[in-house]
Structure formats: structure tokens, C-alpha cells
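FYI, it's all coordinate maths here, none of it is from the lab. As the structure is a computational prediction, the values presented were derived from the model and not from experiment. Please note: Cβ atoms are built from the backbone with ideal geometry, for glycine as well, and neighbour counts cover all protein chains shown.
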Amino acid sequence: MQPIRNIVILTGAGISAESGLQTFRAADGLWEDHRVEDVATPEAFARDPDLVQAFYDMRREGILAAQPNPAHAALARLDAQWPGELLIVTQNIDDLHERAGARRVLHMHGEGLAAWCTACDSRMPWTGTLRDDPPCPICHAHALRPDIVWFGEMPYRMDEIFAALREADLFVSIGTSGAVYPAAGFVQQARECGAEALELNLERSQGSGWFHESRLGPASAIVPEWVEEMLEGLRSR
Ligand code: BV8
């Protein structure tokens, strides 16, 4: 097997589950109380902005109350010590990777702690609520929405992601069901370019068949174990 230099890590809601943030498809998950079509599409926002804004206000409050868990901390250690290329592509809208100290993070579905003004196209940090339709601090229009990629919208920075997948020697998927595209297709793209593929997840996912290896267990246990193996391998080089 070729030495591993460049790593792409895809994370999903499962990595933040032990920080108390609900996943999407669990029995008690986010979609339990809401249909996707009612809260995570541009059509839903046009039809019922108050419902959608309230849904993301609730998510934003949850993010602010959550703390990174050992899986986020382990990835931050790997990011800090890995000499090759490393990119954490997260589907999550929380900032727990960053709060754990990770730097090379890309939020492909946007960020819960950011707002986007659809009048002047500014994006800005936002920790308050949006349900009361506050004016944009820059252009003063009442046109702020969560800076989130909804279903039917183009994920962010796809060119950077595809470029990283082309160069990857190792693709690791952590805490995701492999249910949503284009993220769910990244493992195939990485493998077509010769990468090894490892899945770290609580249970088998829809994409498990694409991975050379799947390790099952809670992220707070199996991610630190994997990171320790990678760093041990560095030390023994
Ligand atoms: C797009 C932000 C066009 C919002 C999200 C038919 C076929 C194929 C595709 C489509 C189709 N019809 C429509 C589409 C496209 C659609 C799609 O894929 N739909 C699905 C439903 C079929 N995709 C889109 O619309 C995307 N945009 O396609 O644009 C385009 C694209 C490319 C080029 C040109 C044009 C945009 C999708 C983005 C939607 N926004 N999030 C918000 O957060 O509110 S999606 C959201 O759900 C997440 O971000 C994530 O991406 C997705 C899946 O969630 P997961 O993170 O995987 O969480 P889940 O609960 O599902 O799973 C958790 C996993 O963790 C489980 O496996 C569980 O076992 C595990 N776990 C739990 N606890 C732990 C754990 N693991 C470890 N430890 C634990 N403790």
C-alpha cells in the first residue's frame, strides 16, 4: 500500500451526536418532528419563513450549548500534527471541529452560526435569532436567512472538495449515513483516484459497501483510536 500523505475526512451528524446534537435519521432525530420538505428547502422558506427561521434558531441555540467531544479533539490533534495535506469536509453546521482546535475545516452545507443577506449577498457570523427578521447590519434590508445549504441548493466549495479527493491517499468517513448527495458519492470519487477508504460509524451505513474497511462504534471511542494509530505510524517513520 502506498504511504499515506494526503487525507480527506468527511464528517456527518454522528460525530456530534455525543455532544448532544441530534442526528437527522435517528428515531429521536431532527427529522422526527419535521419533514425535510417543511424546513430544509428554499420552497419551505418561501412558504413559511417563520417555521424555518424558528427551526434554525433552535439548532443555533443547541450548537452554542454543545461542547466538542473526544472525536472532535482527536481530529484536531491529527490536523495539527499531520505533515501532509489534510481536509475535514463536514456536512455539519455546528462549529465543534473549530472549537476543538481544527483549522483545515470546510463546511460544505454551511454554518448554523452564520447568516446570509439575500439582498446584499453578505455573509456574517450570527449567534442570535433570525425569527424576528432583523435588518441586515450591512445593507439594513430585512432579508437575512441562515447560511445553510438546503436540499436542491448547491453545496459550498465543491471545486476544492473535488480537487482534494483527486489527491487523496486516504478517505475517511465519520458519522454519516451516506444518504445525501453529492457528499455520499465522495467515497466513490476518492476510490476512483486510488485512495484507501475507511468508514468510522456507529452502524453500517448506506455507503458501507464502498469502503475497504468499516469500524463500528461510537465516534468518541473509535476516532481517537484511529488517530492514535495514524500518529503512531508517523512517529515510527
Ligand atoms: C444538490 C444542511 C444540486 C441543512 C443538509 C435523488 C437521488 C440522489 C440525489 C438526490 C435525489 N433527489 C434529490 C437529490 C439531491 C439531494 C439529496 O441527496 N437528497 C437525498 C435525500 C436523496 N441533495 C441535495 O439537494 C444537495 N444539493 O444536490 O444540489 C447539485 C449538486 C451538485 C452539483 C450540481 C447541483 C444539497 C443537500 C444538502 C442538504 N442540507 N444539511 C441542515 O443541517 O439543516 S443535509 C443533512 O443530511 C446533512 O448535512 C447531511 O448531508 C445529510 C445526512 O445527514 P448525516 O450527517 O449523515 O446524518 P444522519 O442522521 O443521516 O446519519 C448519522 C449517522 O451517524 C448514522 O449513520 C448513525 O449511525 C451515525 N451515528 C449516530 N451516532 C453516532 C454515529 N456514528 C458514530 N458515533 C455516534 N455516536
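Observations on the structure shown:
- Inter-label distance, F151 to R123: 2.3 nm, where each label sits 7 Å from its Cα along the C-beta direction.
- Overall dimensions of segment 45-154, expressed as equivalent-ellipsoid semi-axes from the Cα gyration tensor (√(5λ), whole Å, largest first), are 29, 15, 12.
- For the chain, the list of Cys residues with no other Cys C-beta under 4.7 Å reads C193.
- Distance from the C-alpha centroid of segment 83-133 to that of segment 1-76: 11 Å, rounded to the whole angstrom.
- Viscosity 1.567 mPa s, temperature 4 °C, Stokes-Einstein D of segment 79-126 from Kirkwood C-alpha radius, µm²/s: 107
- Radius 14 Å from Cβ of H72, net charge of other residues (Lys, Arg +1; Asp, Glu -1): -1
- Our summary gives segment 191-235 a relative contact order of 32 percent, counting only alpha carbon pairs under 8 angstrom and 6 or more residues apart.
- Span-rule helices in the chain, defined as complete DSSP H runs reaching 15 Å or more along the axis (Cα) with Kyte mean at least -1.0: 49-65, 70-81, 219-235
- Working note: Cα gyration tensor of the chain, eigenvalues times five, square-rooted, sorted largest first, giving semi-axes of 32, 18, 17 Å.
- Within segment 183-236, the GluC sites (Glu not before Pro) that combine a DSSP coil assignment with at most 13 other C-beta atoms in a 10 angstrom radius are E203.
- Percentage relative contact order, segment 137-237, counting C-alpha pairs under 8 Å, at least six apart: 20
- Computed over segment 72-218, relative contact order equals 15 percent, with contacts defined as Cα pairs under 8 Å that lie 6+ residues apart.
- Helical contribution to [θ] at 222 nm, DSSP H n ≥ 4, -39,500 (n - 2.57), averaged over the chain, rounded to 500: -9500 deg cm²/dmol
- Taking each residue as 0.36 nm, the span from R204 to R5 lengthens on full extension beyond its C-alpha to C-alpha distance by 68.9 nm.
- Sites C139 and A163, calculated FRET efficiency, Cβ-Cβ separation with R0 25 Å, nearest 0.05: 0.15
- Exposure proxy ranking, count of Cβ atoms within 10 Å, fewest first, for S214, S205, S122: S122, S214, S205
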